[in-house]
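Down below is the structure, laid out as structure tokens.
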Amino acid sequence: MSANSADAAHLVDVVLVKGGRTKIRYPAELLGDDGTRIAVRAPWAGEGVRDFGFVRFEQGDIFTEYYWRDRWYSVKEVRTAAGTLKGWYCDITRPAVLTGTELVVEDLDLDLWRSADGTDVRRLDEDEFAESGLAEADPAAAATALAALDELETLARGADFDALLK
């Protein structure tokens, strides 16, 4: 087996789906899969800089991403190229599905940010979630998504957050 074949065995394509369409697809290094939680690492896959006001995602940033098959969220640890922790960007999603080398995650528009020092925890995109129509189309999924956001916010504000990623 060549080195390239070995490297390919540790790569997955992360596919973020939103509103039934692929929003973004990018290669990531598979760090681990314990049957429930999948961890991957990838460089910032967006184009250029994304400035949220409270954090900037830019070329060179490294994302260590955690996805669960039994939870309605994902957590992305964000570091600079030099390794400085920026914080954690969390998406409310349906549970992740890994099929072969494709990791598919359906984004449900709700997000949460936790700064590196834990002092800034903020809910994001609740307006987009309301406008998505999920509450009307699938009330049970909408309720589960909101409960997941509440759970994640509670974890992000407490000492249990670090344990979530170990």
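The values are calculated or read from the model by the stated rules, or taken from the named source; none is laboratory data. Since this is a predicted model, take the numbers as computed values, not measurements. In this analysis, Cβ positions are derived from the backbone assuming ideal geometry, glycine residues included, and neighbour counts consider all displayed protein chains. Ligands, DNA and RNA are excluded from the accessible area calculation, which covers all protein heavy atoms including side chains. Shrake-Rupley method; radii C 1.70, N 1.55, O 1.52, S 1.80 Å.
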Candidate cut points under GluC sites (Glu not before Pro) in the range 1-97, DSSP loop plus at most 12 other Cβ atoms within 10 Å of their own Cβ, are 47
Whole-Hz Karplus couplings 3J(HN,Hα) for the range 153-164, θ = phi - 60° and coefficients 6.51, -1.76, 1.60, Gly and Pro as x, run 5, 4, 4, 5, 8, x, 6, 6, 4, 4, 5, 4
PRE zone check, label point 7 Å out along Cα-to-Cβ of residue 84, amide N under 15 Å, scope the range 102-120, hits 116-117
Once both label points are put 7 Å beyond Cα along the C-beta direction, the residue 54-residue 137 separation in nm becomes 2.7 nm
The ³J(HN,Hα) series, computed from each phi in the range 110-124 with the Karplus coefficients 6.51, -1.76 and 1.60 at θ = phi - 60°, rounded to the nearest Hz and given as x for glycine or proline, is 8, 9, 9, 10, 10, 5, 4, 8, x, 7, 10, 10, 9, 7, 10
Karplus-derived 3J(HN,Hα) from phi for the range 96-104 (6.51 cos²θ - 1.76 cosθ + 1.60, θ = phi - 60°), whole Hz, x at Gly and Pro, runs 6, 10, 10, 10, x, 10, 10, 9, 9
For residue 15 and residue 70, extending 7 Å from Cα along the Cα-Cβ vector and measuring point to point gives, in nm, a value of 2.5 nm
Log entry: pair-distance distribution for the range 60-138, C-alpha pairs binned every 10 Å from zero, whole % per bin is 18, 41, 33, 8, 0
For P(r) over Cα pairs in 5 Å bins from 0, in percent, with candidates [x] 1, 10, 17, 23, 20, 13, 8, 4, 2, 1, 0, 0, 0; [y] 1, 9, 16, 20, 19, 12, 8, 6, 4, 3, 1, 0, 0; [z] 2, 8, 17, 22, 21, 17, 9, 3, 2, 1, 0, the value calculated from the shown model is option [z]
Computed for the chain: size of charge dipole around the Cα centre, +1 on C-beta of each Lys and Arg, -1 on C-beta of each Asp and Glu, debye to nearest 20, value 400 debye
For the chain, the per residue accessible area (1.4 Å probe, Å²) is 52 Å²
Answer in debye to the nearest 20: the dipole magnitude of the range 101-166 about its Cα centre, from +1 Lys/Arg and -1 Asp/Glu charges placed on Cβ, is 400 debye
Rounded to a whole %, the carbon-and-sulfur portion of the accessible area of the range 10-52 at a 1.4 Å probe is 48 percent
